[in-house]
Every structure is written in C-alpha cells, then in structure tokens.
Amino acid sequence: MSVNRLQTIRPLLLAEGDALSLDMSVLNTLAGLILDAGSGHETRIAALSQLEGRTFALLARVEPIELLHEDELNRLLGDGIEGVVLTGCRGRADIQKLDVMLRVAEARIGLPANRTRIYAEYGAAPEGLLSPHTLAGCSQRLEGLIFNGSAL
C-alpha cells in the first residue's frame with residue numbers, strides 16, 4: 001500500500017526543444033513545466049510567466065553549479081520563473097551554493113526571500129550518487145530530486 005495513497009501527486013514535464021504545444025488546460029494539470037534555460041527559451045519563459053490562469057510552476061533547468069553565472073539567474077528570476085532545476089548536482093555543497101546565489105538574485109530584483117524553489121537533478125555526476133551525505137536540511141528551498149537515468 002502506498003503511503004501517498006490519498007494524495008494526488010501532479011507531475012513535472014520537461015519540455016525539450018520546441019516540442020511544447022500543449023493547451024492551457026493540459027498545462028494546468030502539471031505541478032510544473034521545466035524549460036532549458038540556455039536553449040533560446042528566454043522568450044518562451046517570459047511569455048509563459050505572463051499567462052493568465054496559469055496554475056503550474058515555471059521551472060528553468062540550469063547548468064551545473066560550476067558553470068552557472070549570477071547574470072543568468074538574475075535574468076531568469078526577472079522573467080518570472082518560480083523554480084530552478086540544477087543539472088549535474090553533486091551534493092549538499094552545490095545546493096547550498098545555488099541557495100546563496102538565489103538569495104542574492106532575489107534581493108537584487110526585489111523578490112520575496114526564499115520564493116524560488118530548487119529541484120536537484122541527479123544522475124549526471126557520479127559523485128552525487130555515491131555521496132554518503134544526506135541532502136536533508138541542506139536548503140529550505142529544496143523541493144525535490146529528479147533522477148536523470150539517461151544521463152547516468
């Protein structure tokens with residue numbers, strides 16, 4: 001028996017390339033829509049964030065923490081994303097560094113503190129899978145883990 005038997009869990013959808021052509025009623029069944037941040041999706045992210053009646057979270061999939069720049073986070077938060085999917089997550093330190101970067105970006109843009117969620121994508125970096133350290137308590141923003149089996 002499932003521990004979440006009475007709870008409906010809405011899915012996240014990763015929209016790769018230009019494959020996204022769903023209508024609003026379908027999109028609103030999702031918990032969130034994930035778009036790659038650096039793949040020319042800037043205008044799509046900005047347009048989706050302005051949709052009226054939108055109930056799904058808009059998430060940006062960003063590069064691994066060692067390649068992520070403050071300017072990119074500032075731009076994404078300014079475009080209206082509600083969360084960040086960190087690719088190539090190696091563990092607690094990566095999540096904590098992203099947390100600090102998000103605090104700075106939120107303050108710079110004038111957004112409420114801790115508004116932006118973090119999802120950690122595991123599977124691309126072996127040190128993340130093999131780490132003996134738990135992720136529990138590393139950030140209040142950490143909303144969930146996404147396992148990337150194809151990257152593994």
> Amide H to amide H under 5 Å from residue 84: which residues, 5+ apart in sequence or cross-chain, H placed 1.01 Å off N in plane?
Replying inline: 60, 117, 118, 119
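Throw me the Rg/Rh for the range 61-141, computed over C-alpha atoms with Kirkwood Rh, two decimals.
Working: Rg = 12.3 Å, Rh = 12.8 Å.
Looking at the range 61-141, the ratio lands at 0.96.
Does the range 50-105 come out rounded, prolate or oblate by the C-alpha gyration tensor, with a ≥ b ≥ c the root eigenvalues, rounded set by a/c under 1.5 and, if not, prolate when a/b is larger than b/c and oblate if not?
Prolate shape, in that a/c is at least 1.5 and a/b is the bigger ratio.
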> Taking the Cβ of residue 70 as the center, what net charge do the other residues with Cβ under 14 Å away carry, scoring Lys and Arg +1 and Asp and Glu -1?
Replying inline: -2
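All of the numbers you see were taken from the coordinates with simple rules; none came from a lab. None of these values were measured; they are calculated from a predicted model. Cβ sites come from the backbone with ideal geometry, for glycine too, and all protein chains shown count toward neighbours.
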